[in-house]
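Notes for the one structure printed next.
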Amino acid sequence: MSFSFDLHLHSAASDGSQSPSGLVADCAARNLAVIALSDHDTVDGVAEAGNAAIRSGIRVIAAVELSADFRGELHILGYGIDPGDARLEAFLRGQREKRRLRIPRIVEKLRALGVPICAGDVAREAGSAAPGRPHVARALVRLGVCADMDDAFGRYLNRDGPAYVGRELPPPADAVALIAASGGRAVLAHPGCIGLDGAGLETLAGRLADYGLSGLEAFYPAHNDVQVGRLLRMCRRAGLVATYGSDSHGPERGVPPGAGWERFAPLIPRVTYDFIDSLATTKE
Ligand code: AMP
Ligand code: ZN
Ligand code: FE
Ligand code: FE
């Protein structure tokens, strides 16, 4: 059976704009049957999303998006993980702590550039969420320093920007192995955005497959048709599953849940639906 799904979504538990239950209601209204909540470095939104899913009649898969060190950064999605897994939870807690420690250093750089911002401005945007650059960007917009989030990233926060601060990240193979060890299935997020050519990607995917990688997020709104075709062939050759995710952080950021679904739905292979069927649904 085929059904509509979106396996890459962020809530306010990380840097998305909607609460987990608000996001689930929005996805149900957009006729998505299965979604994965894949917040950065946290599973804090999964329980609320699971409860909301039961009310909305859609299926929510527990997920997480990990960052790893590779030419700057790449992202690994973990699906069907056990949110209570002790090793995973300890790792995520550590990553969130590194995120928190990074904020005052970003603020310090901004102040040295003459921007009147303090750590409290960012803390107010993040609330109890794991803080990230998008929260700094929102604070800059609220303070009237930047016109919008793109302006904030473009002028200050991008990797090559004057207020960029990195954080310590695990090797990609460790992120994949951690997800596999906690009962989840690991998928390489937005592979077309890593800055590798086809051969480079194939080498990376092959290496990560040895550590338990299950798939590539071939269907991604920012991927062009040539990239999608290449990723699909790569999946077929390496026995990896090709997944779809919008990476929505809230509709007002221009990429709503389900973005690009109409374009990709006719291309999604049978094995992708089987893969989703094999993942555990979030329980209450
Ligand atoms: P961080 O997790 O703190 O390294 O911040 C990275 C996150 O910032 C990404 O996951 C995106 O959600 C977000 N991001 C990157 N570029 C932009 C942009 N130009 N506008 C809004 N959000 C962005
Ligand atoms: Zn994000
Ligand atoms: Fe990502
Ligand atoms: Fe994401």
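Each reported figure results from applying straightforward, stated rules to the coordinates on display, with no laboratory input. As the structure is a computational prediction, the values presented were derived from the model and not from experiment. Every residue, glycine among them, receives a Cβ derived from its backbone with ideal geometry; neighbour counts consider all protein chains shown.
Distance between the C-alpha centers of the stretch 5-47 and the stretch 224-284? Whole Å please. So the separation of the two Cα centres works out to 15 Å. Computed over the alpha-carbon pairs of the stretch 170-274, the distance histogram in 5 Å steps reads 2, 13, 23, 24, 19, 14, 5, 0 percent, short to long.
Could you calculate the contour length gain from D151 to A181, that is, 0.36 nm times the residue separation minus the distance between their Cα atoms, to one decimal place in nm?
Contour length minus Cα-Cα distance gives 6.8 nm.
In terms of other Cβ atoms within 10 Å, D277, D69, D121 run from fewest to most in the order D277, D69, D121. Computed from the Kirkwood radius of its Cα pairs, the Stokes-Einstein diffusion coefficient for the stretch 78-123 at 25 °C and 0.890 mPa s stands at 195 µm²/s.
Only bridges whose two residues both fall in the chain count here: according to DSSP, what percent of them are antiparallel, nearest 5? Of all bridge pairs located within the chain, approximately 40 percent are antiparallel. Across the chain, Cα-Cα pairs more than 31 Å apart make up 25 percent of the total.
Placing +1 on each Lys and Arg Cβ and -1 on each Asp and Glu Cβ, with no other charges, gives the chain a dipole about its Cα centre of roughly 320 debye.
Eigenvalues of the alpha-carbon gyration tensor of the stretch 1-124, scaled by 5 and square-rooted, set the equivalent ellipsoid semi-axes at 30, 17, 13 angstrom, largest first.
Tell me which trypsin sites (Lys or Arg not before Pro) from the stretch 203-284 have a DSSP coil assignment and no more than 15 other beta carbons within 10 Å of their own.
Working: sites: R207, R230, R233, R236, R237, R253, R263, R270, K283; in loops: K283.
Of the trypsin sites (Lys or Arg not before Pro), the ones in loops of the stretch 203-284 whose Cβ has at most 15 other Cβ atoms within 10 Å are K283.
Choose one answer from D15, D225, D82: the residue with the largest mean-square fluctuation in a GNM of the chain with alpha-carbon springs under 10 Å. Between D15, D225, D82, it is D225 that shows the largest mean-square fluctuation. Once you sort the root eigenvalues of the Cα gyration tensor of the stretch 108-165 as a ≥ b ≥ c, which label holds: rounded (a/c under 1.5), prolate (a/b larger than b/c) or oblate (the other case)? It comes out rounded by the Cα gyration axes. Mean sequence separation of contacting Cα pairs (under 8 Å, at least six apart), scaled by the length of the chain, corresponds to a relative contact order of 23 percent.
For the options E252, E97, E89, a Gaussian network treatment of the chain with springs between C-alpha atoms closer than 10 Å singles out E252 as fluctuating the most.
With N as its number of residues, the stretch 237-284 has a Cα radius of gyration that, divided by 2.2 N^0.38 Å, comes to 1.39.
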